[in-house]
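Step one of this worksheet: look at the structure below.
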Amino acid sequence: MVLCFQHSQKNAVLKECECWNRTISMRRLLFLNGIKAFEAAARSGSFAAAGHELNVSAAAVSRMVHLLEERLGVALFERKANRLATTAAGRAYQSGLTPIFDALASLTAQVTAPSGARVLTIGVGPTFAMRWFIPRLADFRRQEPDIEVRITTGGAAAPFGDDWSCGIKLGDGEWPGLIAEPLFAADLTPVCAPRLANALKRPGDLKGPTLLRVAHSPDDWPSWLKAAGVARVTARGPEFQFYGQALQAAVDGLGIAMGIRPYIDDDLAAGRLVAPFDTGVPKGMRWYLVYRSFRTEQRDFAAFRRWIIRAAAEPAARRKGARHAG
């Protein structure tokens, strides 16, 4: 009877310990999730962007950060209407966390990569990939045949992916936690097929129904028309989702597209498009090579960085001779 009691007691203790371990593990997991949620939100500047990066909702990020703040006993964010700002404690916490997550990402990449594998994952927008990056990729492959390049496209404004070696993004150069090196100025200039250019002697010759639009950049035409001194002309031509679609429509003679570097470089050089006017207007953003600081220590990334900076400097000289209709 005594032996039976001791055995039952032992089982009960084991079950209690097992339950306790599960509870501790869950609490630790929630704590780590909260840290990751905070770091992503502080780096990106919003719960929505952090949620996109972590593949959860903005509300879930907010909740995890709130639980973390409760556990730490300190406020990490100042929450105001349409604004999220880190407190002094939050800034200090994030400045220490981001390098740790960078180091973890680097270590994970080394552990999970096949033995001897040399892989670069490049995040680019679909139009940039098709109209500039891919046509030049063979040159990099000739120089570095042993480096495997993986291209992931999510849009030039997409959050920086944790699995990216680097990205090519359009913006103001301010991405918290990332190094940003300028590649191109994003100047705007109208472009069209050569056969349409003969009717365009001056900006005032532009007609609203012939001006092709891009849905996510509605200010391009108004900005350029204002700079060119053109009044009472409103872009009313077909609207496209991406620049690449509008530029292809221009090549096919559908109308006049708003060109942006470097999307138009090759078409201008080849004569598929011409820029009938001298007026170029800064878009207010630039193209940047963006990456985390630990990548600078990686030989393969360093080779890619040198190559793309050199390649980005070449097209501007080539396109000058193809700027105007002949």
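The values are calculated or read from the model by the stated rules, or taken from the named source; none is laboratory data. Since we're looking at a predicted model, the values are computed, not measured. Cβ: placed from backbone, ideal geometry, glycine included. Neighbour counts: every protein chain shown.
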Region 283-302, subset in a strand (DSSP E or B) and surrounded by fewer than 18 Cβ atoms within 10 Å (Cβ to Cβ), residue modelled with the lowest pLDDT: Gly284
Filtered residue count, region 184-198, keeping only those that are more than 32 Å from the chain's Cα centre (by Cα) and either loosely packed, with under 13 Cβ neighbours inside 10 Å or β-branched (Val, Ile, Thr) (or both): 2
Close pairs from region 229-244: first closer than 11 Å to Lys207 by Cβ, partner among the hydroxyl-bearing types (Ser, Thr, Tyr), Cβ under 7 Å, at least 6 apart: Gly237/Thr210
Matching residues in region 264-281 - criterion: being crowded, with 18+ Cβ neighbours inside 10 Å and in a helix (DSSP H, G or I): Asp265, Asp266, Asp267, Leu268
In region 261-291, the residues that are out of contact with any Asp or Glu (no Cβ under 7 Å at 6 or more places or on another chain) and aliphatic (A, V, I, L, M): Ile264, Leu268, Ala269, Ala270, Val274, Ala275, Val290
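Is it the case that region 252-259 has a residue that's free of Cβ contacts under 8 Å to residues at least 40 places away in the same chain and not aromatic (Phe, Trp, Tyr)?
So the first thing to find is which residues in region 252-259 are free of Cβ contacts under 8 Å to residues at least 40 places away in the same chain, and the list is none.
No; the residues of region 252-259 include none that is free of Cβ contacts under 8 Å to residues at least 40 places away in the same chain and not aromatic (Phe, Trp, Tyr).
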Enumeration of residues in region 274-308 that are within 14 Å of Met258 (Cβ to Cβ) and of a type in the set (Ser, Thr, Tyr): Thr279
